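First up is the structure itself, then whatever we jot down about it.
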Amino acid sequence: MVAASLRSGPDANGHFGAFGGRYVAETLMPLILELETAYRAAQADPAFAAQFDDLMKHYVGRPSPLYYAPRFTEELGGAKIYFKRDELNHTGAHKINNCIGQILLAIRMGKTRIIAETGAGQHGVATATVAARFGLPCVIYMGARDIARQAPNVFRMKLLGAEVRAVESGSKTLKDAMNDALRDWVANVHDTFYIIGTAAGPHPYPELVRDFQSVIGKEAREQILEAEGRLPDLLCAAIGGGSNAIGLFHPFLDDESVRIIGVEAAGHGLQTDAHAASLAGGRPGVLHGNKTLLLQDDDGQITEAHSISAGLDYPGIGPEHAWLHSIGRVEYQSATDQEALDAFQMLCRTEGIIPALEPAHALAALRRIAPTMAKDQVIIANLCGRGDKDIFTVAEALGFGL
Amino acid sequence: MTDRLSARFAACAAANRAALVTFVTAGDPDLETSARVLRALVKGGADIVELGMPFTDPMADGPAIQAGNIRALGHHMKLRELLEMVRVYRLEDNDTPIILMGYFNPVLSYGPERFAADAAAAGLDGTIIVDLPPEEDAELAPYLQASGLHMVRLATPTTDAVRLPKVLGGASGFVYYVAVAGITGTASAATTDIAAAVARLKAKTKLPIAVGFGIKTPDDASAVARHADGVVVGSAIVSLIGAAAEARANDLPEQVEAFVRSLSTAVHGARKEAAQ
């Protein structure tokens, strides 16, 4: 059966085709249902949208520009490339869009304490930022291994007044931080709101994160119509959990002429076991409250992901991407650590923009695709984060002592 | 087919005592010792055994059971090994109910239909799948039912009156009341709260009510046994296994047996003590 629109999901139970849902312990179920009720009420309340839009404009700095990148385009010698400049947002990434939406929801629900998980620290910084802005105490769970490799972001969170709790369990990275955040939530359900950082987790999180991030795609649609008088031929974005990508893609899903590509992190290569490409190398499974494609072994144990980009270093993917992959609407490709590093340097050199390693994966895919397209065709790529946080990682990879 | 679980709860009720339900992680600290632990639980007086299927991401569990999962997975414990352990145990004990407790992904990966058939053949009596609420359990429930396995459901302090019928709807075997909103192995609930919760559940279901979470000592267990049909102890036993494994103790199963005996004595004598 084909739905009239690809934008109408999820269904009433939070399923996107065979994916999504609410796989949580019974203690959390009533909370998840309450969150859904509160979100529906917020959606129907013009005051909520007005408050969100006002903060987007005056606090986050939206709309972010849609920038035509002449030298990057010229060097690839194909389609015209535009960048959606979400790295210019307050806090330097798209993460803040979602955090603003969720903290407004938390306040509507009367919650007085905020928790979140973080991998690279971008979502942790964005959450600590909005918690400071609204005066709520905030605890960020972060894998001990990530704390060691993301010291500047740990310090930022602390400056913003958040408590950063090191997670020593499991692989000591993002998935374990999410486990501990869920453990905190289940023990503090009465007063705590969990701000999930990507378009994953139990329903309604994948839907509400997507909705808050869709500001990216809505703006891009208007901006490209103004700049080019038509829709783009191609959209491209990097995928970890997939929130920046779904935010760009969703407003275009019903536009059949728009080709859409998501780019997973191939780490050391898809043929190795050190990658984070859960669509290319995963199987259907259940983790962190949703059914999706997961990196796992033959016994259903979750395996560790690898990417040079800590933000893509997660063994799963948002359920809506798993569904869009299964129906073929979005094409998913991948880029290795090395390809991302090469593209990272190319953008620095050609456009004077230091991107985060996450969008560098999307840029790497563009280097393959753009040259095969005609010069009058148009691409929009999401530049979802700036690269300041990554300079230590990149310096190390390039053998440059800091 | 005889229903070991119903028979055991009926026998406990007839003796006017609560059932002691013990949880350990299968394969903890290793497969061979774990098989001996299973025997030790029953020898120590456990009426019902919950065997935990290890998972890399046990989101509802506290540090003790997380560590048990890590120890078992360190030896690559697999679901089919858990089933084999039960099959072998059944050769010597065909009466003690054994319930598999765990997370859905290993079962999903094994294949729910095949799992239900193999679990019943091995001699399991039912499942408690922590992250499979009624809203999602259609992927497993029909297969369990077809194989004669119980699907034990969880009720919690956050399960309100509106939601309770949904939880009790497809439940069988017993209802597991999670006494504390939180993870395993943490704070204990007040006995008065537990008594009220059990009464609330009893008004809506004829199934036995077992209470778990935060019950660590014989005294804790005794207090709960006055009100509930079953008393579940998990983290305290798993902690003991962890400490004995760390110390490389040769008498790990005997230590488990002695601790479980202290629990069973308390649980089985609780109502007589209360009556005196």
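Values in this text are rule-based calculations from the coordinates and carry no lab data. Since this is a predicted model, take the numbers as computed values, not measurements. So basically every Cβ, Gly included, is an ideal-geometry build from the backbone, and we count neighbours across all protein chains shown.
Structural remarks
- The range B:182-211-the range A:12-31 distance, computed between alpha-carbon centres (Å): 24
- Among the listed pairs A:Lys175/A:Lys389; A:Lys57/A:Lys80; A:Lys95/A:Lys175, a Cα-Cα separation exceeding 23 Å is found for A:Lys57/A:Lys80.
- Computed from the Cβ-Cβ distance with R0 of 41 Å, the FRET efficiency linking B:Glu273 to A:Glu168 stands at 0.45.
- Spacing of the modelled spin labels on A:Glu74 and A:Arg230, each 7 Å from Cα toward Cβ, amounts to 2.4 nm.
- For the peptide A:300-307, the mean number of other protein chain Cβ atoms found within 10 angstrom of a residue's Cβ is 4.
- Over chain A, dividing the summed -39,500 (n - 2.57) contributions of all DSSP H runs of at least 4 residues by the number of residues returns a 222 nm mean residue ellipticity of -12500 deg cm²/dmol.
- Cα shape, the range B:4-265, gyration tensor, a/c 1.5 rule: rounded
- Helices in chain B, meaning DSSP H runs of at least 4 residues, each add -39500 (n - 2.57). Divided by all residues, the mean residue ellipticity at 222 nm is -15000 deg cm²/dmol.
- For A:Leu294, residues with placed amide H under 5 Å, excluding near neighbours: A:Arg283, A:Gly285
- In chain B, lysine pairs closer than 24 Å at Cα, eight or more apart or cross-chain: 8
- Mean-position separation - Cα centroids, the range A:211-274 and the range B:48-105, in angstrom: 42
- Segment A:Lys218-A:Ala132, extension gain: residue separation times 0.36 nm, minus the distance between their alpha carbons: 28.2 nm
- Between amide H atoms placed 1.01 Å from N, distances below 5 Å from A:Tyr141 occur with A:Ala116, A:Glu117, A:Thr118, A:Arg165, all of them 5 or more places distant or on a separate chain.
- The range A:342-402 and the range B:243-276: distance between their alpha carbon centers, rounded to Å: 61
- Shielding by partners, peptide A:170-183 (average Cβ within 10 angstrom, other chains): 3
- The Cα atoms of the range A:1-114 give a gyration tensor whose axes a ≥ b ≥ c have a/c of 1.5 or more with a/b no greater than b/c, which makes the shape oblate.
- Inter-probe distance in nm under a simple model that places probes 7 Å from Cα toward Cβ, at A:Gln43 and B:Ala138: 2.0
- Gyration tensor verdict on chain A (Cα atoms; rounded if a/c is under 1.5, prolate if a/b is larger than b/c, oblate otherwise): rounded
- Ordering of B:205-214, B:75-84 by packing [mean C-beta count within 10 Å, highest first]: B:205-214, B:75-84
- Summary value for the range A:60-188: 19 percent relative contact order, contacts being C-alpha pairs under 8 angstrom separated by 6+ residues.
- Here the relative contact order of chain A, from alpha carbon pairs under 8 Å that lie six or more residues apart, stands at 20 percent.
- Rel. contact order, % - alpha carbon contacts under 8 angstrom, at least six apart, the range B:4-265: 24
- Taking 0.36 nm per residue of separation and subtracting the Cα-Cα distance, full extension of the segment from A:Thr112 to A:Ala12 would add 33.2 nm.
- Nitroxide proxy distance, nm - points 7 Å out along Cα→Cβ at A:Ser5 and B:Asp95: 6.4
- Shielding value for A:16-28 is 6, the average number of Cβ atoms from other chains within 10 Å of each residue's Cβ.
- The packing ranking of peptides A:302-310, B:105-113, highest mean first, is A:302-310, B:105-113, where packing means the average number of other beta carbon atoms within 10 angstrom of each residue.
- Where a label projected 7 Å from the Cα of B:Ala10 along Cα→Cβ would reach, residues of the range B:158-173 with amide N under 15 Å: B:173
- Judged by the mean number of other Cβ atoms found within 10 Å, the most tightly packed of the peptides A:284-296, A:153-165, A:317-329 leads the ranking A:284-296, A:317-329, A:153-165.
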